[in-house]
Amino acid sequence: MKKIPIFLITSSIIIFLGCGYKPSAYYVDKVLGKRIYATVKTVIQEPENSLLIEDALKEALKTRLNVDFVSKKNAESELEISLKKLKFRPLQHDEYGYVILYRVEITLKAKHKYYKNGVPKISFYNLEGFYEFPISSQKSSSISLSLKFDAIKYSALKALDTLIPKLALKG
């Protein structure tokens with residue numbers, strides 16, 4: 001009688017452990033590593049926003065990938081993010097014609113260089129994200145710098161969220 005419950009417990013443990021499930025973070029860590037060299041390139045067409053965009057992208061990289069930025073020689077892999085397109089679109093107007101809701105759309109190009117069995121591998125990804133935000137002040141449709149920074153950061157976060165499963169597939 002006691003052998004049956006022990007057998008059931010043992011076999012169920014073996015089945016659950018043997019199914020091979022691993023979260024995508026395991027595979028991302030396998031491909032990306034914990035120490036990366038990351039560069040962010042912005043476009044010259046947006047000179048007034050270039051530092052804002054660069055800071056937002058670096059913050060998005062740090063929060064989404066949970067890695068340490070190191071020098072190029074100490075890195076396990078290299079990640080280069082460049083801005084391809086940034087567009088602010090008005091979505092909704094009030095009764096006076098002022099914009100009260102914007103949508104920022106961002107397109108990023110990611111270049112990932114890593115080593116697999118000592119052989120360098122390079123992958124390119126196109127990432128897209130968007131973020132919608134309201135303009136709260138009446139009689140003004142201008143966007144403050146803090147709103148612009150947050151909008152770029154949150155749209156970049158959504159774009160980088162699409163990078164994680166793509167990296168997991170490489171693992």
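The values are calculated or read from the model by the stated rules, or taken from the named source; none is laboratory data. On a predicted model such as this, the values are computed, not experimentally measured, just so you know. Note that each Cβ is placed from the backbone with ideal geometry, even for glycine, and that neighbours are counted across all protein chains shown. Note: accessible area is taken over every heavy atom of the protein model, side chains too, but ligands, DNA and RNA are not part of it. Shrake-Rupley method; radii C 1.70, N 1.55, O 1.52, S 1.80 Å.
A few notes on this one:
- Computed Kirkwood radius, in angstrom, where 1/r is averaged over Cα pairs of segment 27-116: 15.0
- Antiparallel bridge percentage (DSSP; both residues within the chain; nearest 5): 80
- Within the chain, longest stretch free of exposed GluC sites (Glu not before Pro) [DSSP loop, at most 15 other beta carbons within 10 Å]: 96-171
- Cα long-axis angle, helix 3-18 against the chain (0 to 90 degrees, to the nearest 10): 40
- Computed lengthening from Phe130 to Ile9, 0.36 nm per intervening residue step minus Cα-Cα distance: 38.7 nm
- Estimated at 0.36 nm per residue, the fully extended path between Lys113 and Asn66 surpasses their Cα-Cα distance by 15.2 nm.
- Which listed pairs, of Lys62/Lys116; Lys58/Lys113; Lys87/Lys170; Lys72/Lys148; Lys34/Lys85, have C-alpha distances above 27 Å, in listed order: Lys87/Lys170; Lys72/Lys148; Lys34/Lys85
- Highest GNM mean-square fluctuation among Asp150, Asp55, Asp94, for the chain modelled with Cα contacts below 10 Å: Asp94.
- Taking amide hydrogens as placed 1.01 Å from N in the peptide plane, the amide H of Lys121 sits under 5 Å from those of Tyr114, Tyr115, Lys116, each at least 5 positions away in sequence or on another chain.
- Solvent-accessible area per residue, Å², over the chain with all protein chains present [probe radius 1.4 Å]: 64
- Fraction of alpha-carbon pairs over 19 Å apart in the chain - percent: 64
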